[in-house]
Amino acid sequence: MMNTILLTGAAGYIASHTWLALQQAGYRVVGVDNFANSSPVVLERLAELAAAPIEFERADVSDAAALDAVFARYQPAAVVHFAAFKAVGESVAQPLAYYRNNLGGLVNTCETMQRHGCRRMVFSSSATVYGAPETLPLREDAPTSATNPYGATKLMGEQILRDLGVSDPAWQTACLRYFNPVGAHDSGRIGEDPRGTPNNLMPYVAQVAVGRREKLSVFGGDYPTPDGTGVRDYIHVTDLAEGHVAALNRLLGQPGSLTVNLGTGQGYSVLDLVRAYEMASGRPVPYEIVARRPGDVAACWADPSAAREQLGWTAKLDLARMCEDSWRWQQLNPLGFNPS
Ligand code: NAD
Ligand code: WQD
């Protein structure tokens, strides 16, 4: 029998790509989202790409009655919990909104799972749990810390799932620590559609290349890195989606829980990414070096070997491909999902 997987935050950037990967792998997928940071148009695009109707319920993951109804109807074997707010700066300004949504939503989802006898969860964690790295590459046993409320919600989210596993070994959880997800589906039909000014590098660069913004501000040119700009482990969202398939296969096939990095193990600087994007798009990306952004670290990249050993998963797509796919999405959808 086909296992049903519930995706929370299903209309979001990473979840929408994961939805397609799970369907391709033979899972039945049901999505819930309240569109706090996404558009219903995503669902039309997913139906078109899947060439089949998709199953979706509009709901807030903090709403116990709404989630109960979803569990009663679909009886999912596992949940992939993407639903959360994710803007670091906003979390500093509005910490309570982040604790309420990210932790209240997680606790309510887990309580609902308990009531329905579903005890397998894949959780969207983040490399942000490593705080300011002391040594690179980052292994999962590196020290963790939170430098902002958003990061604190990821650190506490992992702790909540560990505590659940101690309380009842029937709980099996996979905390996936994403590095820097970028790129888009190779169809160009779904991708990242930030509201307002993008906080993250690649969407900002994409909007400069397409002519929506004049130039990129490079946050800091004096870091102790080869070219002085910040270094990160960018990972194609399609590879990330496959990491979720591998994690679910593992949770449904074997006992036990896990915490793994999902990264490539390769670091690239801001200027490396700018050059790769210029190459992929054939457009110039003007930039100006400005002050460092508070809270940024100089460099951060993963040791991805635990995911290889425990999930049989490795990232396959390179920086050129990340930029090509981002550019296709950006060009075909210059104003995102809702051009009006
Ligand atoms: P996203 O904002 O595109 O997706 C999150 C989705 O959750 C959105 O569709 C939003 O509407 C929905 N949502 C938020 N609160 C909800 C609620 N209470 N009820 C129902 N739906 C709700 O973000 P994303 O980049 O796809 O991130 C997905 C997950 O991965 C998040 O948990 C995020 O913290 C985590 N993550 C993201 C990154 C990144 O750089 N994109 C890195 C590490 C971890
Ligand atoms: C990448 C590099 C910037 C924008 C964030 C969150 C992290 C995780 C992923 C969720 C850095 C530089 C950026 C710009 C720039 N999210 N930059 N100009 O900061 O590594 O990680 O997203 O879990 O928690 O903190 O990603 O894309 O914002 O920045 O120069 O306009 O690009 O300084 O070196 P970051 P990013």
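Only the coordinates and a few stated rules stand behind these numbers; no lab work does. Remember, it's a predicted structure, so these values are computed and weren't measured experimentally. Cβ sites come from the backbone with ideal geometry, for glycine too, and all protein chains shown count toward neighbours.
Points to keep in mind about this one:
- Whether the chain is rounded, prolate or oblate, judged on the alpha carbon gyration tensor where a/c under 1.5 counts as rounded: prolate
- For segment 1-80, applying the loop criterion from DSSP together with a ceiling of 11 other beta carbons within 10 Å to the trypsin sites (Lys or Arg not before Pro) yields no site.
- Cut-off 13 Å between beta-carbons: net charge of the residues surrounding Arg250, Lys and Arg +1, Asp and Glu -1: 0
- Inter-centroid distance (Cα atoms) of segment 46-72 relative to segment 218-256, Å: 27
- Compactness of segment 276-319 is given as radius of gyration and Dmax, 16.5, 42 Å, from Cα positions.
- Under the shape rule built on the C-alpha gyration tensor, where the axes satisfy a ≥ b ≥ c, segment 28-96 is oblate, since a/c reaches at least 1.5 while a/b does not exceed b/c.
- Tensor-based shape of segment 188-340 (alpha-carbon gyration tensor, a/c under 1.5 rounded, otherwise prolate or oblate): oblate
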